[in-house]
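Quick notes on the structure that follows.
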Amino acid sequence: IKEDDCEKTFTCNKIELTGEDTVCNLNQVFTYKSHLNGGCDKSVFWQIDSGAVQSLNIIDDTTVQIQFKKSWSGYLYASINSCSVLIDSIKIEVLPSPALVELGKDTTLCAGDELMLNAKQGFKNYVWQNGSADSVFTVTQPGKYFVTANDYCNNIYTDTIQILYENPTPIDIGKDTSICDNQALLLNAGDNFIKYLWSNGDTTQYIHVNNKGEYWVSAINKYGCTSKDSIKILN
């Protein structure tokens, strides 16, 4: 007498798939497990869109580990062949977010300058110190700025930055003046700067002039602030 196949496999009449249904980190490996009846020794067959995964490793008869590689929405299927095919599935949303919020180091700006703080796109929501909810914030005045961002897995990220403002360093190369023939005049922009550019192309702290005309200098201090001055030389 041939034993009925269903009599052999009556213990394999249930499959339940568990694991994360929302993925935010593409560097993380996620474990999914199929729960079968006690005594059921069948191996689980797995199905998923191969274009969405970086790797898929079968750990044992009922467990798989998956690393995703891009934004994706779809199903992971687990099935066994018993008296009939038993299938369970999980709908997975892959919504990668940046690994952290980083606004940069505390910094000093020049008076009148603006700075765009960028918390990076990809988070579910943002809250800045003034309640703004965009991923970016424009700084126009000194102060402490901070942002809190939440990803789609309810992880919280935050960062703070201090912004100072610096006025341009005063610069004075003298009043308009006259010089005699064959006389040279020293124009000195001062030593409070790190870069200089004169109207004649020189890049030193000072220049000698012996011809009439208008001369100007543009100088940059250690904060990147630019100061300018000019002088007219008459014969």
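In this rough spin-label picture, where each label sits 7 Å from Cα along the Cβ direction, the K144-I156 distance is 1.7 nm. Annotation: Cα Rg of the chain relative to the compact-globule expectation 2.2 N^0.38 Å equals 1.99.
Computed over the chain with a Gaussian network model linking Cα atoms closer than 10 Å, the most mobile of L17, L197, L164 is L197.
Give me the net charge for the shell around V101: Cβ to Cβ below 9 angstrom, other residues only, Lys and Arg +1, Asp and Glu -1. Here the charged neighbours net out to -1.
For N235 and N167, the FRET efficiency from 1/(1 + (r/R0)^6), where r spans their Cβ atoms and R0 equals 41 Å, is about 0.70.
When you filter the trypsin sites (Lys or Arg not before Pro) in the range 141-200 for DSSP loop state and at most 14 other Cβ atoms inside 10 Å of their Cβ, you are left with K175.
Placing R0 at 25 angstrom, the Cβ-Cβ distance between V127 and S71 gives a FRET efficiency of 0.60 after rounding to 0.05.
Among the listed pairs K33/K124; K70/K91; K69/K105, which are separated by more than 20 Å between their Cα atoms? Table pairs above 20 Å Cα-Cα are K33/K124; K69/K105. A 1.4 Å probe over all protein chains sorts E102, E16, E166 by accessible area into E102, E16, E166, starting with the largest. Largest accessible area first, the residues V64, V29 order themselves as V29, V64 under a 1.4 Å probe with ligands, DNA and RNA left out. Projected label points at E16 and S55, each 7 Å from Cα along the beta carbon direction, are separated by 3.0 nanometres.
Restricting the trypsin sites (Lys or Arg not before Pro) of the range 55-140 to loop positions (DSSP other than H, G, I, E, B) with no more than 12 neighbouring Cβ atoms within 10 Å leaves K70, K105.
With every protein chain in place and a 1.4 angstrom probe, the accessible-area ranking of H35, H208, largest first, reads H208, H35.
The values are calculated or read from the model by the stated rules, or taken from the named source; none is laboratory data. None of the values given here were measured: they were computed from a predicted structure. Backbone-built Cβ (ideal geometry, glycine too); neighbour counts: all protein chains shown. Calculation scope for accessible area: heavy atoms of the full protein, side chains included, ligands and nucleic acids excluded. Shrake-Rupley method; radii C 1.70, N 1.55, O 1.52, S 1.80 Å.
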